[in-house]
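The values are calculated or read from the model by the stated rules, or taken from the named source; none is laboratory data. Remember, it's a predicted structure, so these values are computed and weren't measured experimentally. Here the Cβ is made from the backbone with ideal geometry for all residues, glycine too, and neighbour counts use every protein chain on show. For the accessible areas, the whole protein counts, side chains as well, though only heavy atoms, and no ligand, DNA or RNA atoms are used. Shrake-Rupley method; radii C 1.70, N 1.55, O 1.52, S 1.80 Å.
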Amino acid sequence: MNERLVGVALAATESSASGFSNRQHRELVAYHRDAMLWALTVERKLVFLADRLAGAGIDFVVLKGATLAHTVYPDPSWRSFGDLDLLVKATDWRTVHDHLGSLGFTRQMPEPRKGFDERFGKAAVLTNGDGIEVDLHRTLAMGAFGQWIGSDDLFRETAEMQLAGRTILRLNDTAAFLHACIHAILGWNPPQLWPLRDVLQLAHHGAVRWDHAAELSKRWRLRGVVHMALTTASESLGVALPEPAHRMLERERPGRREMAAMRAYLQPGGAGPLATIGAIRGIGARISYVSMLLFPSREFLAARQGTARGSYFDRWLSSLRRIRRKVREQP
């Protein structure tokens, strides 16, 4: 159930060879009903925010969730989702964040320093008390990969979809495929089945332009991520890859820097600062990144440390311990 494949499992019960008992079928129906009711609630939130943001003249792109359910799956009920992911341009990030604040949304975790998110962050999670999380994205990944993926590039890789009479921007299938690979490999360790299913669904049934996917994966330094996502998805779910995906894997080989970034990402602690600094362009930007992390706001420290007032000493000591551990782990 936690893998969000109940829609696919329920569809499988239509086959006489599914092997589900009557009790299991009833449980699937009940669970699926709850999942779909929640998905509809999230979609209503999307329609509400789409109207408000469009009225404010703000461009945004909807990621994952509803966009995949309504485009590459044979039935939207096959793909459940639990939150709402919105991508905005880095230059609009603060405006959208403040606009959501005016609608009653608050963020769960403060940024280290004002200005950090739109320059170096991936996303911020905001809620307004109704249980639906809105993930406001600047890019698709944390760490080095988030620096390599251009925000402007993403807004050139969009397509339209219709939802409740509204025209919604989403990533086109090529960019959505790369995002699915990112989500499957960099979003979970070990990878979960449902994002791996998204990878295969897009590879087999999406309008993926494979030559362009190869070009983008090289530009965004995602060749290692794509390679791992496709091979892991195929092996985990027992589904052969389409021939264009095979050719892409044979032709596109990840560079050492990409593989080093991915290995750092998959280690305990994830996309840490040391793995990110080298991907940031410009010495001034690197200094800003380091200083914001070394001297974050007291509000950020208190939230991270779970205390009434954050401690810089504890922050630095924790960072030194992580660095020492990573040095010891080096061969």
Restricting to lysine pairs 8 or more places apart or on different chains, what number in the chain have Cα atoms under 21 Å apart? 8
Net charge near L154, counting Lys/Arg +1 and Asp/Glu -1 over other residues with Cβ under 10 Å of its Cβ? 0
In the neighbourhood of H97 defined by beta carbon distances under 14 Å, the net charge of the other residues (Lys, Arg +1; Asp, Glu -1) is +2
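If we sort 198-211, 149-162 on the protection proxy, mean other Cβ atoms within 10 Å, highest first, what's the order?
Details: 198-211: 20.1, 149-162: 15.1.
In descending order of packing, they fall as 198-211, 149-162.
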Each label point is 7 Å from the Cα along the Cα-to-Cβ direction; what then is the distance between the points at V290 and D34, in nm? 5.0
Two pseudo-spin positions, 7 Å from Cα along C-beta at L266 and at A303, lie apart in nanometres by 3.1
Determine ³J(HN,Hα), in whole Hz, for all residues of segment 112-121 in sequence, where each value follows from phi through the Karplus function 6.51 cos²θ - 1.76 cosθ + 1.60 and θ = phi - 60°; x replaces Gly and Pro. x, 9, 4, x, 5, 4, 6, 9, 10, x
Summed over the other residues with a beta carbon less than 10 angstrom from that of A279, with K and R at +1 and D and E at -1, the charge totals +4
Highest-MSF residue in the chain out of A240, A275, A66 [GNM, Cα springs under 10 Å]: A240
Explain nothing, just the number: dipole magnitude of the chain about its Cα centre with +1 on each Lys and Arg Cβ and -1 on each Asp and Glu Cβ, in debye rounded to the nearest 20. 1560
At 1.4 Å probe size, with the rest of the protein present, what percent of the exposed accessible area of the chain is carbon and sulfur atoms? 52
Between S80, S288, S21, where does the largest GNM mean-square fluctuation fall for the chain, given springs only between Cα atoms within less than 10 Å? S21
Non-local amide H neighbours of A123 (under 5 Å, H modeled in plane, Pro and chain starts lacking H): which ones? R138
